[in-house]
Amino acid sequence: MLQIFSISNRRYLGNKYKLLQWIRKIVDENCVDIHSFFDVFSGTGSVSSAFLDKRLVVCDMMKSNYLAALCWFSPEKIDREKLMAILEYYNTLDTSHENNYFSENFSDTYFDKATCQKIGFIRDDIERLYQEKNVNEREYGCIITSLFYAMDRISHTCGHYDSFIRDGRYSGTLEMRMPDNDYCLNPNNVILCADSNLIADQEEVDVAYLDPPYNSRQYCDAYHLLENIAMWEKPEVYGVARKMDRTKMKSRYCKSDDAALALGELVQKLKCRYILFSYNNNGKKLQCRSNAKLTDEEIVEILSTRGDVTVFSTEHRGFDAGKSEFNKDNAERLFLCNVRR
């Protein structure tokens, strides 16, 4: 029997899954007549999952997150029986004689050679199915997302792919599961893969939710392996961590001299009635790269150019791979801007 997985079954830097009830409560109690929700930096899409009853606009610049958003939020119909048959087929495969891009470049790094052989074969086959039009775009996203979650369950890492544990002790079997996405979706949902600053004015919504990167840790560095699989252009990789060229994937929000400017530009572009900005002050960090690039004062000043700002706060420690020292000052904040008309 094929097992299922839900959107919350991932470890991801900055994941807000544990805060969903709090975020939804703030919107319900402080925002009036809400019918649409724009997740501007969607990541895993966990916050969007709390607003399935709204028209969703979901955007992320990383293709791996875009494909996951297709899986969870695209209104395109999927053939669940067909998907289950494909996933079950992958689970029974013997790829011990397989040699492919993934096994040649990643064997005995994040996974052992046998697992890499299987990952490479599955990814090639998914692409073939899509190019031959045997699966539609959302089904394509569902299968690749299943692969991402299967990899995350057994990867020999601390939860992301910036590095791997070099002790040779691999465990677990790559197991494809069925996404738990058999629920009603608004037929007008929009899924985007783009730089949010470039497309911020393309959609008019009630609430725009902002959860950009806050520090120097680029998501394209932490999740380069998944992005490589998502794009599947089979680039040259280098270094111990086997990373590809990520120059064009870097976020302005991770740079001290650009974060405030980027946020200011974005806020001015948004077409919405409310702006909800999510921000964790990170507590006391053990590594300076993890220090926040934006201050509370900068955030309030920028948001205030569009309307009145209210700040909500709750204690929270997100997934950070053990790099932080948690203290009473570590809090998640929501800055709610009631946009002037």
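Please treat every number below as a calculation from the coordinates, not as lab data. Quick caveat, the model's predicted, so the values are computed rather than measured. Note that we place each Cβ from the backbone using ideal geometry, even for glycine, and neighbour counts take in every protein chain shown.
Observations on the model:
- Once exposed loop chymotrypsin sites (Phe, Trp or Tyr not before Pro) are cut out (DSSP; at most 13 other Cβ, 10 Å), longest piece of the chain: 1-182
- Estimated FRET transfer efficiency when R0 is 35 angstrom, pair D258-A331 (beta carbons, to 0.05): 0.90
- Compared with the direct C-alpha span, the chain from S96 to S304 gains 69.0 nm at full extension, assuming 0.36 nm per residue.
- Shown for segment 8-154: lysine pairs separated by 8 or more places, or found on different chains, whose C-alpha atoms are under 22 Å apart, numbering 12.
- Residue among G14, G168, G43 with the largest mean-square fluctuation in a Gaussian network model of the chain, springs linking Cα atoms under 10 Å: G168
- Calculated FRET value between E204 and D28, using beta carbons and R₀ = 25 Å, to 0.05: 0.75
- Linear extension gain, H35 paired with R80, 0.36 nm per residue minus alpha-carbon span: 13.4 nm
- Taking the convex hull of Cα positions in segment 144-232, its mean projected area over all directions (nm²): 8.7
- A simple spin-label model places the labels of K269 and Y238 3.1 nm from each other, with each point 7 Å out along Cα-to-Cβ.
- Relative contact order (percent, whole number), the chain, Cα cutoff 8 Å, 6+ residue spacing: 21
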